[in-house]
Amino acid sequence: MSVSAAMVKELRERSGAGMMDCKKALVETNGDVEKAIEYLREKGLAAAAKKTSRIAAEGIVESYIHMGGKIGVLVEVNCETDFVAKTDKFRDLVKDIAMQIAAANPSYIKAEEVDPTEINKEKEILKAQALNEGKPEQVVDKMVEGRIKKYYKEICLLEQPFVKDADKSVQEMINEMIAEIGENIQVRRFVRYQMGEGLEKRQDDFVSEVMSEVKK
């Protein structure tokens with residue numbers, strides 16, 4: 001069937017996908033916009049990994065301030081086009097990432113950023129702990145590697161379980177959005193401030209507090 005420019009525009013506005021991708025999806029689904037959106041999602045998930053090498057120089061800087069001003073976050077998330085940067089879907093994604101940083105307090109964006117010296121030191125500590133627990137020496141190294149993966153999930157933003165859906169990591173959540181909008185998305189940098197950080201004070205459960213705000 002013939003696909004009009006208006007149909008392509010509607011699908012592009014709803015999906016955030018590229019113009020040619022929208023046109024192809026409409027052709028493949030005989031002009032059914034809803035089916036075209038599903039088509040884009042299915043094809044996009046398979047292609048998301050390939051898009052991560054593309055240049056992402058647009059995007060936004062988002063802020064998140066926890067109620068009462070206890071925690072403040074600034075995060076820069078990049079995409080490929082200004083068009084996508086202005087969409088509600090992308091902005092909502094960035095807000096979720098800012099909230100993730102506030103709640104889970106990562107030290108790094110990804111595992112590759114962690115200083116090898118820090119990891120080696122952590123491995124030594126974990127190995128000593130395992131040996132002190134009486135674990136057989138021949139299995140200790142495997143145990144240490146498993147615990148290092150857990151350590152990455154604690155300190156690296158992209159490795160952390162997503163606060164709104166613990167069944168997926170932050171990277172998996174971002175990959176789903178890459179598949180949906182058809183553009184590369186990269187978390188470039190962030191900074192997190194916690195009121196009174198470094199001062200001796202009462203310890204608050206900020207994760208629970210932040211998540212209570214999410215559920216309202």
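What follows draws every value from the coordinates through simple rules; no lab data is involved. Everything quoted here is computed from the prediction, not taken from an experiment. Note that we place each Cβ from the backbone using ideal geometry, even for glycine, and neighbour counts take in every protein chain shown.
How many percent of DSSP beta bridges within segment 52-205 run antiparallel, rounded to 5? Please list the in-between numbers first.
Numbers: 18 of 19 bridges.
So the antiparallel bridges amount to about 95 percent of the total.
May I ask you to order 124-133, 67-76 by the average number of other C-beta atoms within 10 Å around their residues, highest value first? Write out the running numbers ahead of the final one.
On the way: 124-133: 13.5, 67-76: 16.2.
Going by the mean number of other Cβ atoms within 10 Å, highest first, we get 67-76, 124-133.
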Final fewest-first order of ASP96, ASP141 on the 10 Å Cβ neighbour count is ASP141, ASP96
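Within the set LYS89/LYS149; LYS70/LYS164; LYS70/LYS153; LYS142/LYS168; LYS24/LYS110, which residue pairs have Cα atoms separated by over 26 Å?
Values: LYS89/LYS149 31 Å; LYS70/LYS164 20 Å; LYS70/LYS153 24 Å; LYS142/LYS168 24 Å; LYS24/LYS110 34 Å.
Beyond 26 Å between Cα atoms: LYS89/LYS149; LYS24/LYS110.
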Cβ-Cβ cut-off under 13 Å around ALA5, Lys and Arg +1, Asp and Glu -1: the net charge is +1
Simple spin-label estimate for GLU28/GLN194, 7 Å along Cα→Cβ, in nm, reads 4.5 nm
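Calculate, in nm to one decimal, what ASN132 and ALA6 gain on full extension: separation in residues at 0.36 nm each, minus their alpha carbon distance.
Net length gain for the segment: 38.5 nm.
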Label model pair MET19, ASN120: point-to-point distance (7 angstrom along the Cα→beta-carbon line) in nm is 5.4 nm
Taking 0.36 nm per residue of separation between GLU145 and GLU76 and subtracting their Cα-Cα distance, the length gained on full extension comes to 21.7 nm
Here the gain from full extension of MET67 to ASP88, 0.36 nm per residue of separation minus their alpha-carbon distance, amounts to 5.3 nm
